[in-house]
Amino acid sequence: MAAPGFTHGAFVFLLCINSVANYPSGKVTQSCHGMIPEHGHRPQADPVHHITVSQVTFRPGDQVEVTLSGPPFKGFLLEARNAEDLSGVPVGSFTLIDSQVSQLLTCEDIQGSAVSHTSSSKKTEIKVYWNAPSSAPNHIQFLVTVVEKYKIYWVKIPSQIISQPDALPFTTLKATVSPLSTPTPVSRLTKPFSASDCGNKKFCIRSPLSCDPEKEQACVFLSFTKHDHSVMVEMSGPGEGYLSFAFSHDRWMGKDDAYLCINEGQTVHVQPAHFSGRSHPVMDSRDPLEAVAWRLVDGVMQCSFRRNITLPGVKNRFDLNTSYYIFLADGSANDGQIYKHSQQPLITYEKHNVTDYPKNIGGSRSSLLLKVHGALMLVAWMTTVSLGVLIARFFRSVWSKAFFLGEAAWFQVHRLLMLTTSVLTCIAFIMPFIYRGGWSWHAGYHPYLGCIVTTLAVLQPLLAAFRPPLHDPRRQIFNWTHWSVGTAARIIAGK
Ligand SMILES: *[C@@H]1O[C@H](CO)[C@@H](O)[C@H](O)[C@H]1NC(C)=O
Ligand SMILES: *[C@@H]1O[C@H](CO)[C@@H](O)[C@H](O)[C@H]1NC(C)=O
Ligand SMILES: *[C@@H]1O[C@H](CO)[C@@H](O)[C@H](O)[C@H]1NC(C)=O
């Protein structure tokens with residue numbers, strides 16, 4: 001997360017996509033969508049585990065017994081998907097048969113829509129029931145990811161397809177589509193997006209400001225064009241990983257309406273999502289998106305889609321007839337799994353109504369104030385304070401005979417450095433308040449630590465000003481207190 005020269009990593013930054021792996025316990029909801037363990041190894045090719053089902057036709061309300069079996073494995077993640085949209089959201093819910101070895105997960109807001117292991121003990125068979133929902137699609141396929149050990153796993157092993165009795169047969173052509181590819185009609189774009197209508201027909205956000213997506217590979221481009229009741233969205237930029245944008249009510253991530261374009265090697269996957277807090281995005285249904293198209297040429301990824309300005313009854317998609325902050329972020333992706341954005345997301349300076357007058361704007365990646373805050377804290381606590389401590393500790397005896405302006409020279413230098421630290425800390429302290437216009441409620445423990453450090457930094461010179469004379473019995477207590485407060489402040493400031 002650290003910006004250049006900003007080693008002060010725990011600061012308030014937007015941890016939009018963090019991948020906290022929690023594999024042994026099976027609480028793997030961050031892998032719900034891609035079903036890829038975040039182990040950083042390549043999945044195995046030929047599955048040795050398989051899924052069997054108790055019936056090949058089902059009706060809404062049916063319970064289908066699903067069995068996963070094969071050589072001993074430690075972990076798994078099982079979901080049911082629409083066989084015609086295998087990268088869509090999980091369908092229906094499961095009921096456990098043995099809660100010792102399996103547990104239900106809430107994926108994409110659907111309780112029990114996935115099953116995983118409870119521990120990394122070895123097992124050879126798992127049985128669960130799948131409950132067909134009333135809105136079940138015609139064809140269902142179960143997908144399972146099986147982890148034999150940390151480095152050895154298989155991703156999205158498919159089951160045979162089960163169908164509703166009155167459904168048309170599932171064509172084998174569709175069945176051979178890889179689980180990661182995009183199913184619904186998606187077309188190819190033929191040329192780069194044009195910025196020539198920015199500000200008159202298109203509402204554009206560009207980084208760097210006014211870059212040309214037709215000529216510059218590094219140009220990150222996002223545009224909105226209003227047509228009657230819908231908005232056409234175009235996004236392009238460097239295409240190694242993913243590009244994303246989000247509408248937000250505030251300058252913080254959380255509860256936002258987000259859209260991702262993910263480079264999946266040969267294709268681009270366009271995916272609506274929402275953030276529940278500053279965590280991994282939760283993938284949503286692609287149904288509200290129409291006219292999805294993409295292109296992947298010369299390292300540039302483009303994607304476009306249309307969506308209605310208002311989507312009554314659709315969860316997590318915001319109405320675009322009002323103003324939002326807009327976030328633009330990119331990051332790396334691997335096999336459809338996305339990772340935390342590599343640089344600060346770009347955030348618009350103010351809220352914009354993208355369906356109103358077309359504008360031509362930019363944004364900022366990280367506030368200058370926050371960068372200065374980081375730089376000041378770094379200078380104060382890595383440089384001046386360390387020197388000050390060093391001088392008090394080692395030069396007191398070396399320079400014991402040197403005096404300057406009536407005081408020991410080591411003491412004068414120590415005092416100057418420490419006062420500088422206190423002043424820098426106080427200046428740094430107020431900056432986030434100016435930037436956020438108040439207390440940073442969503443920044444975790446960092447602002448609290450900041451208050452403690454600032455209090456200690458102010459306390460130290462005050463204490464020192466009232467230090468007892470050299471031979472006073474209380475001088476020992478002062479020395480000890482001064483040292484401990486100082487050390488505590490340095491430890492906390494280092495966080
Ligand atoms: C968008 O709106 C049109 C009519 O205004 C409607 O026919 C269409 O179904 C809507 N699309 C979605 C995805 O809601
Ligand atoms: C936006 O559209 C929704 C749904 O039609 C409506 O309820 C809301 O009042 C509209 N907001 C504005 C600012 O026009
Ligand atoms: C946003 O723009 C649309 C279209 O011009 C307009 O109907 C709507 O009232 C605007 N919303 C706000 C909050 O200004």
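The values are calculated or read from the model by the stated rules, or taken from the named source; none is laboratory data. All of these numbers come straight from a predicted model, not from anything done at the bench. Because the Cβ atoms are built from the backbone with ideal geometry, glycine has one as well, and the counts that use them run over all protein chains shown. Ligands, DNA and RNA are excluded from the accessible area calculation, which covers all protein heavy atoms including side chains. Shrake-Rupley method; radii C 1.70, N 1.55, O 1.52, S 1.80 Å.
Can you name the residue in the stretch 319-338 that is part of a loop (DSSP other than H, G, I, E, B) and crowded, with 19+ Cβ neighbours inside 10 Å and, of all such residues, is nearest to ligand 1 (Cβ to nearest atom)? Filtering the stretch 319-338 for residues that are part of a loop (DSSP other than H, G, I, E, B) and crowded, with 19+ Cβ neighbours inside 10 Å, the one nearest to ligand 1 (Cβ to nearest atom) comes out as Leu320.
Total residues in the stretch 380-413 satisfying the condition of being of a type outside the set (Val, Ile, Thr) and under 15 Å from Thr487 (Cα atoms): the figure is 9.
Can you name every residue in the stretch 384-412 that is β-branched (Val, Ile, Thr) and either at pLDDT below 75 or touching a helix residue (DSSP H, G or I) at 6+ places or on another chain (Cβ under 6 Å) (or both)? Thr384, Val385, Ile391, listed by residue number. Assess whether Glu79 counts as being at pLDDT 90 or above, assigned to a strand (DSSP E or B), charged (D, E, K, R) and surrounded by fewer than 17 Cβ atoms within 10 Å (Cβ to Cβ). When the stated conditions are applied, Glu79 does not pass them.
Hey, does the stretch 158-166 have a residue that's in contact with a His (Cβ under 6 Å, 6 or more places away or on another chain), modelled with pLDDT of 85 or more, assigned to a strand (DSSP E or B) and over 26 Å from Val220 (Cα atoms)? So far as the stretch 158-166 goes, yes, one or more of its residues are in contact with a His (Cβ under 6 Å, 6 or more places away or on another chain), modelled with pLDDT of 85 or more, assigned to a strand (DSSP E or B) and over 26 Å from Val220 (Cα atoms).
Pairing residues of the stretch 203-216 that are touching a residue at least 12 places away in the same chain (Cβ under 8 Å) with residues that are assigned to a loop (DSSP other than H, G, I, E, B) and among the acidic types (Asp, Glu), at Cβ distances under 9 Å and at least 6 apart in sequence or on separate chains, gives Phe203/Asp356; Cys204/Asp197; Arg206/Asp212; Pro208/Glu216. Note on the stretch 295-307: among residues that are away from ligand 3 (no atom under 16 Å from the Cβ) and within 17 Å of Phe245 (Cα to Cα), the one that is surrounded by the fewest Cβ atoms within 10 Å (Cβ to Cβ) is Arg306. Does the stretch 284-294 include one or more residues that are open to solvent by less than 30 Å² (accessible area, probe 1.4 Å), within 16 Å of ligand 3 (Cβ to nearest atom) and farther than 14 Å from Phe221 by Cα? Looking for residues that are open to solvent by less than 30 Å² (accessible area, probe 1.4 Å), within 16 Å of ligand 3 (Cβ to nearest atom) and farther than 14 Å from Phe221 by Cα, one finds none in the stretch 284-294, hence no. With the structure loaded, tell me whether Leu243 is under 21 Å from Asp85 (Cα atoms) and modelled with pLDDT of 90 or more or whether it fails that test. No.
Pairs please, first residue from the stretch 312-333 and among the small types (Gly, Ala, Ser), second anywhere and at pLDDT 85 or above and within 16 Å of ligand 2 (Cβ to nearest atom), Cβ atoms under 6 Å, 6+ apart in sequence or on different chains. As it stands, the answer is Ser323/Lys351; Ser323/His352; Ser323/Asn353, since those pairs meet every condition given.
Scanning the stretch 89-109 turns up no residue that is touching a Pro at 6+ places or on another chain (Cβ under 9 Å), assigned to a strand (DSSP E or B) and more than 27 Å from Gln164 (Cα to Cα).
Of everything in the stretch 194-226 that is basic (Lys, Arg) and over 22 Å from Thr322 (Cβ atoms), the residue that is least open to solvent (accessible area, probe 1.4 Å) is Arg206. Would you say Glu264 is open to solvent by 10 Å² or more (accessible area, probe 1.4 Å) and touching a Leu at 6+ places or on another chain (Cβ under 7 Å)? Yes; evaluated as a whole, the condition is true for this residue. Just checking, does the stretch 235-248 include any residue being within 20 Å of the chain's Cα centre (by Cα) and within 16 Å of ligand 3 (Cβ to nearest atom)? Within the stretch 235-248 (the criterion being within 20 Å of the chain's Cα centre (by Cα) and within 16 Å of ligand 3 (Cβ to nearest atom)), the answer is yes, since at least one residue qualifies. Can you pull out the residues in the stretch 413-430 that are at pLDDT below 80 and open to solvent by less than 30 Å² (accessible area, probe 1.4 Å)? Hit for the stretch 413-430 is Ala428, nothing else. Counting the residues of the stretch 222-250 that are in a loop (DSSP other than H, G, I, E, B) and closer than 23 Å to Lys202 by Cα gives 4. In this structure, Gly61 does not satisfy being surrounded by 15 or more Cβ atoms within 10 Å (Cβ to Cβ) and outside the structural domain of Asn316 (by TED's automatic domain parsing).
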